[in-house]
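Asker: Sharing a structure with you now.
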Amino acid sequence: MKIAVIGTGYVGLVTGTCLAETGNDVICVDINAVKVEKMINGEVPIYEPGLDVLFHRNIAQGRLSFTTDLADAVSESQIIFMALPTPPGGDGAADLSYILGAAKDIAKLVTSYKVIVNKSTVPVGTADKVQAVFTANTKVAIDVVSNPEFLREGVAVDDFMKPDRVVIGTRSEKAQKLMAELYAPYVRQGNPIFFMDERSSELTKYAANSFLATKITFMNEIANLCEIVGADVDAVRKGIGSDDRIGKRFLFPGIGYGGSCFPKDVQALAIAADSHDYDFQILRAVMEVNERQKLVLVEKILKYYKNNIKGKHFALWGLAFKPETDDIREAPALYIVDELIKQGATISAFDPEAMNNVKAIIGDKISFATNQYDALENADALLIATEWSVFRNPDFERMDQVLNNKVIFDGRNLFDLEKMIDLGYYYNSIGRKL
Ligand code: UGA
């Protein structure tokens, strides 16, 4: 099939590349000419494991191309995906200006039937708004489909190629048929494609992310309680997770959820509910608890140093909001850095992928080490904010030689408690005994 993808951010680029991989001709459009030029020259603009191989292969075989010219892309394609940002607007609700703006531009260019697919996370009712933009700007018949994306950064290619499910929101049989054909190669193992109306599809995406954010937040509160009552959150997690109704995944406590999706989507759903005069109480609590959780490590540090960390020097492992990504949007590490610096501490950080992105934002407010051990030099304590695999089994002897004190504050529960006691560490983690 001939496909256009408008927007080459995380979702757009992965979608375009993975759609090319099953033999479609995909043309990706972006208004950022510099970025488009780089992609044409074979540069992958994001760090995402496995994406580069597919990206280069499909460009080389002529199935994946990039342009700034929307007209070209629209005239060539049967299906047009919109993967555009929906940032929080001034009131916290999702800002639809990119989507509705692109819809208007596309509407002015269409000369034959197209399926317009919304891949971005958008509030309920957006498909109707997009349809209205087309009705106002063209006489050509089109169908608008809501097709939310559930991929996770770090495993995005796998998630796209083998999705747990595909959700297609449209009442048009013609569009349903085309979308079913497009997605058939991705659900060969028998994973379902759910067809539903546009509004249910739009809400499914918010409900999924908000539910997951709630699940994590619940576990974070259980972890906090474990510390108070002397229980171990690892044991509790295993104890509840083996019940299929709860499930083992997404029960790991930490220093709060971050990233470009959960914080934005939970807030947008709460605000959308509000605008319909529905007070979504759980989501308000989730947001509040998550804000607090982002600073639990700082609370632990302040308690340990009796509220005085002026002049203390900390090593920080991990800056990205989660492993296998260079994404630092809403990363808990940045909140921790901010607070510690405010209180007079200095920080030397290491992250395998995200350091350049952090440098671009905070410059030389902290120093950046070339590897995880260099970060420890003369540090009063090690802080862990991201669970990169490379941090999981470090050379403790080497650590002991450079760290000033055997003190670790671990926001991701990387190490075994018994082992840390044997090694003589003061090891303060989340929801576990000291
Ligand atoms: C999330 C969803 O998982 C995807 O399904 C969705 O498509 C995506 O948002 C989106 O809307 O685009 P992502 O933000 O890439 O994906 O990252 P996750 O792996 O879901 O992690 C989100 C946050 O939860 C991270 O800060 C992570 O550290 C935290 N988390 C996750 C925990 O604290 N504990 C866990 O057990 C799992």
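Throughout, read-outs are computed from the coordinates displayed, never taken from laboratory work. No experiment lies behind these values; they were computed from the predicted model shown. Backbone-built Cβ (ideal geometry, glycine too); neighbour counts: all protein chains shown.
Asker: So, with +1 on the Cβ of K and R and -1 on the Cβ of D and E, and no other charges, what is the size of the charge dipole of the chain about its Cα centre, to the nearest 20 debye?
Answerer: Using only the charged Cβ atoms, the result is roughly 440 debye.
Asker: A follow-up question, please. Given a Förster distance of 51 Å, report the FRET efficiency between Tyr304 and Tyr113 from their Cβ-Cβ distance, rounded to the nearest 0.05.
Answerer: 0.20
Asker: Any idea what the alpha-carbon Rg over 2.2 N^0.38 Å comes to for the chain?
Answerer: This ratio for the chain stands at 1.07.
Asker: Additional query: For the range 148-237, build the charge dipole from Cβ charges (+1 Lys, Arg; -1 Asp, Glu) around the Cα centre, then report which of Asn224, Ser172, Val187 sits farthest towards its positive end.
Answerer: Farthest along the dipole direction, towards plus: Ser172.
Asker: Just name one of Val390, Leu319, Cys261: the one whose Cα is farthest towards the positive end of the charge dipole of the chain (beta-carbon charges, Lys/Arg +1, Asp/Glu -1).
Answerer: Toward the positive end, the furthest listed residue is Cys261.
Asker: Continuing with this model, one more query. So how much slack lies between Gln78 and Lys177, counting 0.36 nm per residue of separation and subtracting their Cα-Cα distance, in nm?
Answerer: Length difference between fully extended and current span is 34.4 nm.
Asker: Which value, in debye to the nearest 20, gives the size of the charge dipole of the range 80-224 about its Cα centre, when Lys and Arg are +1 and Asp and Glu are -1 at the Cβ?
Answerer: Once rounded to the nearest 20, the dipole reads 440 debye.
Asker: If you plug each phi of the range 399-410 into the Karplus form 6.51 cos²θ - 1.76 cosθ + 1.60 with θ = phi - 60°, what whole-Hz ³J(HN,Hα) values come out, in order, with x for Gly and Pro?
Answerer: 4, 4, 5, 9, 5, 5, 9, 7, 10, 10, 10, 10
Asker: Which net charge results when you count Lys and Arg as +1 and Asp and Glu as -1 among the other residues whose beta-carbon is under 12 Å from that of Ala136?
Answerer: +4
Asker: Could you tell me which of Met82, Leu376, Val144 has its Cα farthest along the dipole of the chain towards the positive end, charges placed at Cβ (Lys, Arg +1; Asp, Glu -1), taken about the Cα centre?
Answerer: Val144
Asker: Here's another thing I want to ask about it. Under the Kirkwood approximation applied to all pairs of distinct alpha-carbon atoms, what is the hydrodynamic radius of the range 249-330 in Å?
Answerer: 15.1 Å
Asker: Working out 0.36 nm times the residue gap between Met1 and Asp244, then minus their Cα-Cα distance, what length gain in nm do you get to one decimal?
Answerer: So the chain would gain 83.5 nm between Met1 and Asp244.
Asker: Would you mind checking the range 105-130 for residues with the amide N under 18 Å from a putative spin-label position 7 Å along Cα→C-beta of Lys139?
Answerer: Flagged as within label range: 107-114.
Asker: Related question: Could you tell me how many cubic angstrom of Cα convex hull volume the range 206-292 has per residue?
Answerer: Hull volume over Cα atoms, normalised by residue count, gives 97 Å³.
Asker: Additional query: Out of all DSSP beta bridges with both ends in the chain, state the antiparallel percent to the nearest 5.
Answerer: In the chain, approximately 5 percent of DSSP beta bridges are antiparallel ones.
Asker: So what is the calculated 222 nm ellipticity per residue for the chain, using -39500 (n - 2.57) for each DSSP H run with n of 4 or more, over all residues, to the nearest 500 deg cm²/dmol?
Answerer: So the calculated ellipticity at 222 nm is -13000 deg cm²/dmol.
Asker: In whole Å, what are the Cα extents of the range 343-424 along the three principal axes, biggest one first?
Answerer: 40, 25, 23 Å, listed from the longest principal axis down.
Asker: What translational diffusion coefficient, in µm²/s and rounded to a whole number, does the Stokes-Einstein relation yield for the range 152-196 at 10 °C and a viscosity of 1.306 mPa s, taking the hydrodynamic radius as the Kirkwood radius over Cα pairs?
Answerer: 143 µm²/s
Asker: Could you work out how far apart the two model spin labels at Val155 and Val187 are, taking each label as a point 7 Å from the Cα in the direction of the beta carbon, and quote it in nm?
Answerer: Modelled inter-label distance: 2.1 nm.
Asker: Let me ask something else. Can you tell me the FRET efficiency between Ala273 and Asn378 if r is taken as the Cβ-Cβ distance and R0 is 60 Å, rounded to the nearest 0.05?
Answerer: About 0.75, to the nearest 0.05.
Asker: Just the number: Rg to Rh for the range 2-196, Cα atoms, Kirkwood Rh, two decimals.
Answerer: Checking Rg against Rh, the ratio lands at 0.94.
Asker: Report the FRET efficiency, 1/(1 + (r/R0)^6), for Ser200 and His56, where r is their Cβ-Cβ distance and R0 is 51 Å, rounded to 0.05.
Answerer: With R0 = 51 Å, the Cβ-Cβ based efficiency is 0.85.
Asker: Which of the three applies to the range 99-199, rounded, prolate or oblate, going by the alpha-carbon gyration tensor with a ≥ b ≥ c and a/c under 1.5 meaning rounded?
Answerer: Because a/c hits 1.5 or more and a/b exceeds b/c, the range 99-199 counts as prolate.
Asker: Oh, and also: So how much slack lies between Asn405 and Arg284, counting 0.36 nm per residue of separation and subtracting their Cα-Cα distance, in nm?
Answerer: That works out to 39.6 nm of additional length.
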